[in-house]
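Worksheet: one structure, shown below.
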Amino acid sequence: MPAPIRLRELIRTIRTARTQAEEREMIQKECAAIRSSFREEDNTYRCRNVAKLLYMHMLGYPAHFGQLECLKLIASQKFTDKRIGYLGAMLLLDERQDVHLLMTNCIKNDLNHSTQYVQGLALCTLGCMGSSEMCRDLAGEVEKLLKTSNSYLRKKAALCAVHVIRKVPELMEMFLPATKNLLSEKNHGVLHTSVVLLTEMCERSPDMLTHFRKLVPQLVRILKNLIMSGYSPEHDVSGISDPFLQVRILRLLRILGKSDDDSSEAMNDILAQVATNTETSKNVGNAILFPLLQTDHNAVQRHRSTIVDCLKDLDVSIKRRAMELSFALVNGNNIRGMMKELLYFLDSCDPEFKADCASGVFLAAEKYAPSKRWHIDTIMRVLTTAGSYVRDDSVPNLIQLITNSVEMHAYTVQRLYKALLDDISQQPLVQVASWCIGEYGDLLVSGQCEEEEPIQVKDEVLDVLEGLLVSNLSTPVTRGYSLTAIMKLSTRFSSVNRIKKVVSIYGSSIDVELQQRAVEYNALFKKYDHMRYELRWCSTHSLLTGGRTRSHLNETGLVANLGLHSLTFMYLQLCANDLLDLLGGHDVGPVIQTALPTKPASAGGELLDLLGDLSLSGMPSMNGLKIEFTFERSNPNPNISVITIHASNTTEADMTDFVFQAAVPKTFQLQLLSPSSNVVPALNQGNITQVIRVLNPQKQQLRMRIKLTYTYKGAPVQDLAEVNNFPPQSWQ
Amino acid sequence: MRFMLLFSRQGKLRLQKWYTATAERDKKKMVRELMQVVLARKPKMCSFLEWRDLKIVYKRYASLYFCCAVEEQDNELITLEVIHRFVELLDKYFGSVCELDIIFNFEKAYFILDEFLMGGEIQDTSKKSVLKAIEQADLLQEVRVCDSLNWCPCAVHFSMPTTNKCERVSSVICVCLSSACLSQEDESPRSVLEEMGLA
């Protein structure tokens with residue numbers, strides 16, 4: 001049988017193949033030859049054949065029949081055989097197959113071989129692909145080698161130990177004694193791999209971490225030597241001495257220094273030195289700065305300027321790290337300066353950063369704003385610069401913030417209005433601006449703001465808002481905001497007719513959300529005009545985000561804790577004369593939900609039905625929820641009774657999102673004030689109170705239908721009840 | 001580091017080193033997918049990208065892409081340096097390395113990689129140290145020491161009965177005993193030289 005062709009020959013031949021089919025043919029031919037050679041147990045050429053097989057495996061062809069041959073090579077005495085054998089084992093064998101366990105004995109022998117390169121091969125194979133069983137069997141040998149004075153073997157043993165620990169964490173303890181003087185080595189290879197081993201142990205076990213904390217001074221010393229020592233050609237990379245070791249030490253220091261003041265103190269100076277001495281023009285310098293930046297923030301405060309400079313770096317990963325770190329470094333003292341840099345960054349950074357940066361700016365501003373005006377200005381800047389990248393939930397949060405800064409309302413609305421004149425493409429900006437204009441439009445035109453030039457343009461304001469409604473740039477959500485704002489202005493501006501016109505146009509809008517709003521507003525104009533002024537619209541953003549609104553108590557205290565649609569419904573229902581006649585027991589139509597009506601309602605009629613199904617459900621105390629009524633007549637008007645309800649809960653879980661609604665016969669008028677909260681705490685730990693004012697000009701007996709909705713243990717609950725046993729003193 | 005791949009611009013795999021146990025089928029899939037992603041990148045794009053739950057660090061050297069997959073908490077900047085160091089090692093070893101060198105001597109490329117990294121971590125940060133180890137190991141492949149060799153006067157080394165013409169022979173064969181791999185085969189000095197192509 002002729003000698004099998006050499007590896008290089010095969011490679012050359014295969015590369016001449018012009019098609020995939022031709023290549024496959026050559027490979028198959030050679031595989032057949034190799035297979036028969038294996039069958040003949042040919043020792044001389046086994047190495048060559050396995051090497052060829054490995055090449056074919058890399059091209060993507062199956063090579064599993066060579067697995068056992070690799071094991072035979074490993075067992076051979078020839079170094080060449082072992083080298084290829086171990087390589088083959090690493091490429092072809094995997095721990096899922098039992099055959100890999102046959103290696104264990106060979107590796108054990110080779111770990112004790114007289115030649116360090118053979119030992120090295122064994123350590124390398126074990127450290128790259130050793131399975132848990134192999135690791136368990138051979139951990140003792142590795143531990144022995146970790147204590148050797150041969151630095152070539154010691155460094156390999158350290159990394160092998162890392163692999164063993166990753167595979168079998170329980171074995172970590174047995175390597176502890178051997179780590180004792182690892183760091184006293186001069187050899188950089190041993191130092192590097194030792195630091196990797198120590199890092200692995202500290203990351204996995206808090207006890208180890210505490211134990212190794214005493215190494216901090218030593219690590220600091222090594223780092224110092226690296227920086228201070230002169231040029232070392234062996235370890236130099238672009239002017240930096242052994243950056244790989246520096247990075248690893250910094251990473252370990254970060255772990256050891258976390259939440260430990262003493263350690264952090266010890267490291268502070270060296271961290272400062274590393275930061276100042278590291279040239280960041282090359283990648284390698286930045287590579288060192290990276291773990292440095294992740295270390296304890298107090299030390300890092302000193303390097304704020306460096307970090308801020310990193311914001312301007314060209315490398316994307318560096319910019320992101322710098323941005324994250326900058327936000328972490330912001331505090332009450334440096335907020336103005338930091339924000340300036342961060343806003344500049346926001347202006348010029350890539351789109352992928354803008355959302356996170358904007359959120360970060362809002363958070364930081366909220367925490368540390370030196371003044372309300374600065375806060376508003378910062379928000380404005382973000383909205384105008386990166387408005388389209390701002391997160392959806394920012395809009396309601398910002399609105400809440402503005403609401404709470406009462407003295408800034410005039411200034412804010414002025415600035416927002418001006419921004420709107422410039423640019424209506426950024427939706428979050430437009431939404432916040434619309435809301436503010438609707439809410440504080442009177443301040444806008446009255447010129448109350450001393451700091452800015454007053455705007456004398458009522459009609460222009462309406463022009464702008466209407467412009468938003470028709471613009472292609474506005475999303476449906478934005479349109480909703482604008483329409484609501486226009487409506488709100490009807491109570492603040494005198495151009496009611498114009499507003500009425502706009503609102504009625506949108507009563508037949510294709511957008512159902514807009515249509516519904518328009519219809520409801522229309523109804524307000526037509527039937528309940530007198531109520532329009534009573535309604536000081538509260539925060540409405542819950543309708544858009546689906547989240548809960550927060551109640552907004554204004555001067556008259558009329559507003560209930562509901563979203564706008566429900567608010568409209570309730571008032572319409574309660575004040576309309578066509579409300580269900582309780583005493584007459586009229587048939588009532590289906591309850592219309594706050595979802596979409598199929599046709600626009602006429603003047604309030606079909607819209608109104610609070611209670612729907614007329615089933616009476618007993619006493620107001622049901623399922624652990626108790627409602628108590630108390631009465632007073634503190635009002636000068638003798639026809640008005642003031643009733644306070646107290647809702648309490650005897651069950652073991654809270655009742656959340658609690659809403660109380662009431663309906664009275666048509667001769668009465670009812671007004672519901674804001675509840676004290678909307679959570680009824682469990683086990684009578686507290687209650688909700690809500691005031692009801694009932695106007696009873698005809699002095700009739702008071703009856704009331706009540707509807708309670710709340711969430712109990714995650715599920716929505718609805719209860720209905722009729723109350724007709726009010727004491728005569730309450731309504732006479 | 002989870003794995004390292006070397007592949008050409010035409011999508012041919014030249015080297016693959018996996019540091020975690022992965023099924024053959026999954027390896028093939030990941031290689032195929034990743035090659036596609038990296039080869040689609042334009043020249044000015046960042047060397048780092050996020051893929052699945054890993055960070056990919058890659059760099060192109062002439063016609064070869066060197067591609068490493070690292071964990072979330074790893075330092076990708078230093079990984080770039082690791083790649084560069086590996087290329088430098090190959091360059092020093094092969095002398096101005098090109099893709100063909102790696103194609104025809106893939107097993108040597110693996111040997112160098114295995115001397116430089118283990119379990120995804122650097123074994124030695126000194127270029128000199130790594131190259132020396134490779135050199136010595138290569139020598140072990142070449143040298144067969146047998147009983148018929150003479151002791152060198154230093155009593156530590158074996159040496160060939162030198163002919164004055166062939167200095168290279170003596171320098172190659174003169175290896176310290178403590179790291180020599182002893183062959184059991186019965187070989188004459190001449191057959192050894194023949195094997196090495198020197199006789």
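Within segment A:167-191, track down each residue that is aliphatic (A, V, I, L, M) and away from chain B (no Cβ under 14 Å). Don't jump to the end; show me each part of the working.
Residues of segment A:167-191 aliphatic (A, V, I, L, M): A:168, A:171-172, A:174, A:176, A:178, A:182-183, A:190-191.
Residues satisfying the conditions are A:Leu171, A:Met172, A:Met174, A:Leu176, A:Ala178, A:Leu182, A:Leu183.
Output the residues belonging to segment B:70-84 that are more than 8 Å from every other protein chain (Cβ to nearest Cβ) and in contact with a strand residue (DSSP E or B) (Cβ under 8 Å, 6 or more places away or on another chain). Steps first, please.
Taking segment B:70-84 first, the residues more than 8 Å from every other protein chain (Cβ to nearest Cβ) are B:70-74, B:79, B:83-84.
Result: B:Val70, B:Glu71, B:Glu72, B:Asp74, B:Thr79, B:Ile83, B:His84.
Quick one: which strands (runs of 3 or more DSSP E) sit completely within segment B:10-92 and have at least 2 residues that are among the aromatic types (Phe, Trp, Tyr) and either under 25 Å from A:Asp313 (Cβ atoms) or in contact with a Lys or Arg (Cβ under 9 Å, 6 or more places away or on another chain) (or both)?
Details: elements: B:13-18, B:48-51, B:54-61, B:64-70.
In segment B:10-92, the matching strands (runs of 3 or more DSSP E) lie at B:48-51, B:54-61, B:64-70.
Would you mind telling me which numbered condition in (1) in a helix (DSSP H, G or I); (2) touching a residue at least 12 places away in the same chain (Cβ under 8 Å) A:Lys501 fails?
It is condition (2) that A:Lys501 fails.
Among the helices (runs of 4 or more DSSP H) confined wholly to segment A:302-395, which include 2 or more residues that are within 28 Å of A:Asn283 (Cβ to Cβ), modelled with pLDDT of 80 or more and not hydroxyl-bearing (Ser, Thr, Tyr)? Even if it seems obvious, please write down each step before you answer.
On the way: elements: A:304-310, A:316-329, A:335-348, A:351-368, A:372-386.
Counting at least 2 such residues, we get A:304-310, A:316-329, A:335-348, A:351-368.
Taking A:Ile34 as the residue in question, decide whether it is more than 10 Å from chain B (Cβ to nearest Cβ) and β-branched (Val, Ile, Thr).
On the way: more than 10 Å from chain B (Cβ to nearest Cβ): yes; β-branched (Val, Ile, Thr): yes.
Answer is yes for this residue.
Just to confirm my filter: which helices (runs of 4 or more DSSP H) fall fully inside segment A:192-289 and include at least 1 residues that are away from chain B (no Cβ under 14 Å), more than 30 Å from A:Leu171 (Cα to Cα) and without any contact (Cβ under 8 Å) to a residue 12 or more places away in the chain? Show your work before the answer.
On the way: elements: A:206-212, A:216-228, A:243-257, A:261-277.
So the answer is A:216-228, A:261-277.
Kindly indicate whether A:Asp261 is on the phi < 0 side of the Ramachandran plot, within 32 Å of the chain's Cα centre (by Cα) and not polar (S, T, N, Q). I'd like the intermediate steps shown before the answer.
Numbers: on the phi < 0 side of the Ramachandran plot: yes; within 32 Å of the chain's Cα centre (by Cα): yes; not polar (S, T, N, Q): yes.
Criteria met by A:Asp261.
For segment B:108-124, name all the residues that are part of a helix (DSSP H, G or I) and either modelled with pLDDT under 95 or of a type outside the set (Asp, Glu) (or both).
First pass over segment B:108-124, keeping only residues part of a helix (DSSP H, G or I): B:108-116.
Hits for segment B:108-124 are B:Lys108, B:Ala109, B:Tyr110, B:Phe111, B:Ile112, B:Leu113, B:Phe116.
Please enumerate the residues belonging to segment A:170-191 that are of a type outside the set (A, V, I, L, M, F, W, C) and part of a helix (DSSP H, G or I). Outline the logic, then answer.
Of segment A:170-191, the ones of a type outside the set (A, V, I, L, M, F, W, C) are A:170, A:173, A:177, A:179-181, A:184-189.
Residues satisfying the conditions are A:Glu170, A:Glu173, A:Pro177, A:Thr179, A:Ser184, A:His188, A:Gly189.
Considering each residue of segment B:125-135, count those that are surrounded by fewer than 17 Cβ atoms within 10 Å (Cβ to Cβ) and either outside any helix (DSSP H, G or I) or within 10 Å of chain A (Cβ to nearest Cβ) (or both), and give that number. Step through it out loud before you land on a result.
Looking only at segment B:125-135, we keep the residues that are surrounded by fewer than 17 Cβ atoms within 10 Å (Cβ to Cβ), and these are B:128, B:132, B:135.
If we keep only those that are either outside any helix (DSSP H, G or I) or within 10 Å of chain A (Cβ to nearest Cβ) (or both) too, we end up with B:128, B:132.
The total comes to 2.
Take the residues in segment B:18-33 that are more than 18 Å from B:Glu72 (Cα to Cα) and more than 8 Å from every other protein chain (Cβ to nearest Cβ); name whichever of them is surrounded by the fewest Cβ atoms within 10 Å (Cβ to Cβ). Talk me through it step by step, then tell me what you get.
First, pick out the residues of segment B:18-33 that are more than 18 Å from B:Glu72 (Cα to Cα): B:21-29, B:31-33.
Going one step further and asking which of them are more than 8 Å from every other protein chain (Cβ to nearest Cβ), we end up with B:25-27, B:29, B:31-33.
Values: B:Arg25: 8, B:Asp26: 10, B:Lys27: 15, B:Lys29: 12, B:Val31: 19, B:Arg32: 12, B:Glu33: 12.
Once the filter is applied, the top-ranked residue is B:Arg25.
Looking for whichever is of a type in the set (Val, Ile, Thr), more than 10 Å from chain B (Cβ to nearest Cβ), part of a helix (DSSP H, G or I) and under 25 Å from B:Ser8 (Cα atoms) here; the options are A:Thr13, A:Thr104. Which one fits? Don't jump to the end; show me each part of the working.
Values: A:Thr104 fails: under 25 Å from B:Ser8 (Cα atoms).
Being of a type in the set (Val, Ile, Thr), more than 10 Å from chain B (Cβ to nearest Cβ), part of a helix (DSSP H, G or I) and under 25 Å from B:Ser8 (Cα atoms) holds for just one of A:Thr13, A:Thr104, which is A:Thr13.
Just a yes or no: is a residue in segment B:5-13 among the aromatic types (Phe, Trp, Tyr), buried (at least 19 other Cβ atoms within 10 Å of the Cβ) and touching a residue at least 24 places away in the same chain (Cβ under 8 Å)?
yes
If you go through segment A:66-86 one residue at a time, do you hit one that is in a helix (DSSP H, G or I), closer than 17 Å to A:His163 by Cβ and more than 11 Å from chain B (Cβ to nearest Cβ)?
Step one: filter segment A:66-86 for residues in a helix (DSSP H, G or I), giving A:66-75, A:79-86.
Applying the additional criterion that residues be closer than 17 Å to A:His163 by Cβ yields A:86.
Cutting the leftovers down to more than 11 Å from chain B (Cβ to nearest Cβ) gives us none.
No, that holds for no residue.
Which numbered condition trips up B:Glu115, out of (1) under 14 Å from B:Gln16 (Cα atoms); (2) within 10 Å of the chain's Cα centre (by Cα)?
(1)
Closer than 21 Å to B:Glu121 by Cβ and crowded, with 21+ Cβ neighbours inside 10 Å: which single residue out of A:Met103, A:Met134 fits that description? Step through it out loud before you land on a result.
On the way: A:Met103 fails: closer than 21 Å to B:Glu121 by Cβ.
Going through A:Met103, A:Met134 in turn, the sole match is A:Met134.
Residues of segment A:16-59 being in contact with a helix residue (DSSP H, G or I) (Cβ under 7 Å, 6 or more places away or on another chain), over 22 Å from B:Arg14 (Cβ atoms) and assigned to a helix (DSSP H, G or I), which ones?
Passing the criteria: A:Arg35, A:Ser37, A:Phe38, A:Arg46.
The values are calculated or read from the model by the stated rules, or taken from the named source; none is laboratory data. The shown structure was predicted, so the numbers you read here are calculated from the model rather than taken from an experiment. Please note: Cβ atoms are built from the backbone with ideal geometry, for glycine as well, and neighbour counts cover all protein chains shown.
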